[in-house]
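Accompanying notes for the structure given below.
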Amino acid sequence: MEEQGIVLKKSADSDESTSDVSDDSTDMESSDIGDDGTPKYHQLNPETMSDDAKQKDRDFRKKLNRDAREVVSDSIHKKVKLIVHRPDYGYESEQEYISLSKELMPVVREIARKTLPLLEHEISSEFARNQFYGSKFQADSVAYRDFRYFAKKRPPTESASLAVGLRVDESTSMSAFGRLEAAKRAVIAVYEFCQMCHIPILIYGDTADASKQEQMSIYAYTDFDKTDAHDRFRLMGIRARSNNRDGMALRIMADRLAGSLQQTKLLISISDGQPKAMDDYTGNYAIKDMQQTIAEYERKGITFLAAAIGQDKEVINQIYGNEKFLDITNLTEFPAKLVRIIARYL
């Protein structure tokens, strides 16, 4: 697949080598989704970003870096030089997103349409009985003479009881056989579905060995601690880069999810190959690290799934196990299949 020309600009705080960001610090408003579920697109003008917003964004990037380094400080990855980026976006990103999302949105909207009634059932409108005060009088409770004669409406749940993490392998081999475009399309579909259903979504990409000073690179495209309507355009920064240090990426993302308040925490890894990074992160050593990471965070309530879209499906199956393994043979069907799988966890 031909790569798009999306530039990741260096920021003033280059001590962490994070990319300059052109977003605002406000939460996503519902007005960014049209009545039919289609995302509304905006002409981007990063130059209008206030100094205060830029500072908040720099602070957020620094926090992501500190947190990620703290998470791996007790692991075999503690000496790996890590940088967490917040990719930039621009007009080209917007145009690419529009192009890729056009045919996906009808399918995503249809799945969301079938899912939303389940969520509305979850957001309870039932009345809690036997209260000292409330908006509904219960005549049948008077006989008990305990003054609990009222019922009051239970407060609605603010969000779905599911949080989703999507990890994207950005190793060099992802550029082969249309895998990168398939991954982007799947990420778009999952992102828009989660927006429609108000599901917190964490989407990170990763690569290893970009340089001796950057042995592990994490790309924080979306993060539920700092939502932004323009995050959808950041997703277009996903690309094939270098090697892959899977266990480190899974550890960082799983720890972010473990801190969420949702009851179900689902972490899906989209990858086309087995782990391989310098100097010796490969073979049984890397596989053992991944399996130990998965086992550790399963005990903390994380559910893992692996979407295998490349030649190393047998190895990925061995790492994750049959019950966590998704064999994605048809890349065209991948986006809708992934969204339907997530919908089942609601």
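Would you say Leu267 is surrounded by 20 or more Cβ atoms within 10 Å (Cβ to Cβ), in a helix (DSSP H, G or I), modelled with pLDDT of 95 or more and not aromatic (Phe, Trp, Tyr)? No, not satisfied.
Could you look through the range 315-346, keep only residues that are of a type in the set (Ser, Thr, Tyr) and out of contact with any strand residue (DSSP E or B) (no Cβ under 7 Å at 6 or more places or on another chain), and pick out the one that is modelled with the lowest pLDDT? Restricting to residues being of a type in the set (Ser, Thr, Tyr) and out of contact with any strand residue (DSSP E or B) (no Cβ under 7 Å at 6 or more places or on another chain), the top hit is Thr329.
Looking at Ala254, Ala343, which is the one that is open to solvent by 10 Å² or more (accessible area, probe 1.4 Å), of a type in the set (A, V, I, L, M) and under 17 Å from Leu162 (Cβ atoms)?
Numbers: Ala254 fails: open to solvent by 10 Å² or more (accessible area, probe 1.4 Å).
That would be Ala343, the only listed residue that is open to solvent by 10 Å² or more (accessible area, probe 1.4 Å), of a type in the set (A, V, I, L, M) and under 17 Å from Leu162 (Cβ atoms).
Within the range 68-82, if we keep just the residues that are in contact (Cβ under 8 Å) with a residue 40 or more places away in the chain and outside any helix (DSSP H, G or I), the residue that is most open to solvent (accessible area, probe 1.4 Å) turns out to be Lys81. Annotation: of all residues in the range 303-318 being free of Cβ contacts under 8 Å to residues at least 60 places away in the same chain and among the hydrophobic types (A, V, I, L, M, F, W, C), the one that is surrounded by the fewest Cβ atoms within 10 Å (Cβ to Cβ) is Val315. Residues in the range 151-162: is at least one at pLDDT below 95, farther than 23 Å from Asn284 by Cα, open to solvent by 30 Å² or more (accessible area, probe 1.4 Å) and assigned to a strand (DSSP E or B)? Checked against the condition, which is being at pLDDT below 95, farther than 23 Å from Asn284 by Cα, open to solvent by 30 Å² or more (accessible area, probe 1.4 Å) and assigned to a strand (DSSP E or B), the range 151-162 yields at least one hit.
Checking each residue in the range 212-234 for being outside any loop (DSSP other than H, G, I, E, B) and within 24 Å of Lys78 (Cα to Cα) picks out Glu214, Gln215, Met216, Ser217, Ile218, Tyr219, Ala220, Tyr221.
Across the range 194-211, which residue is farthest from Lys276 (Cα to Cα) among those that are assigned to a strand (DSSP E or B) and within 19 Å of the chain's Cα centre (by Cα)?
That would be Ile201.
Would a scan of the range 278-301 turn up a residue that is within 26 Å of Leu100 (Cα to Cα), open to solvent by less than 30 Å² (accessible area, probe 1.4 Å) and out of contact with any Phe, Trp or Tyr (no Cβ under 8 Å at 6 or more places or on another chain)? Within the range 278-301 (the criterion being within 26 Å of Leu100 (Cα to Cα), open to solvent by less than 30 Å² (accessible area, probe 1.4 Å) and out of contact with any Phe, Trp or Tyr (no Cβ under 8 Å at 6 or more places or on another chain)), the answer is no, since none of the residues qualifies. In the range 246-285, what residues are over 15 Å from Phe325 (Cβ atoms) and touching an Asp or Glu at 6+ places or on another chain (Cβ under 7 Å)? Answer for the range 246-285, where residues must be over 15 Å from Phe325 (Cβ atoms) and touching an Asp or Glu at 6+ places or on another chain (Cβ under 7 Å): Gly247, Ala249, Pro275, Ala277, Met278.
The values are calculated or read from the model by the stated rules, or taken from the named source; none is laboratory data. Treat the numbers as computed from the prediction; the structure is a model and nothing was measured. Because the Cβ atoms are built from the backbone with ideal geometry, glycine has one as well, and the counts that use them run over all protein chains shown. Please note that ligands, DNA and RNA were not included when accessible areas were found on the heavy atoms of the full protein model with its side chains. Shrake-Rupley method; radii C 1.70, N 1.55, O 1.52, S 1.80 Å.
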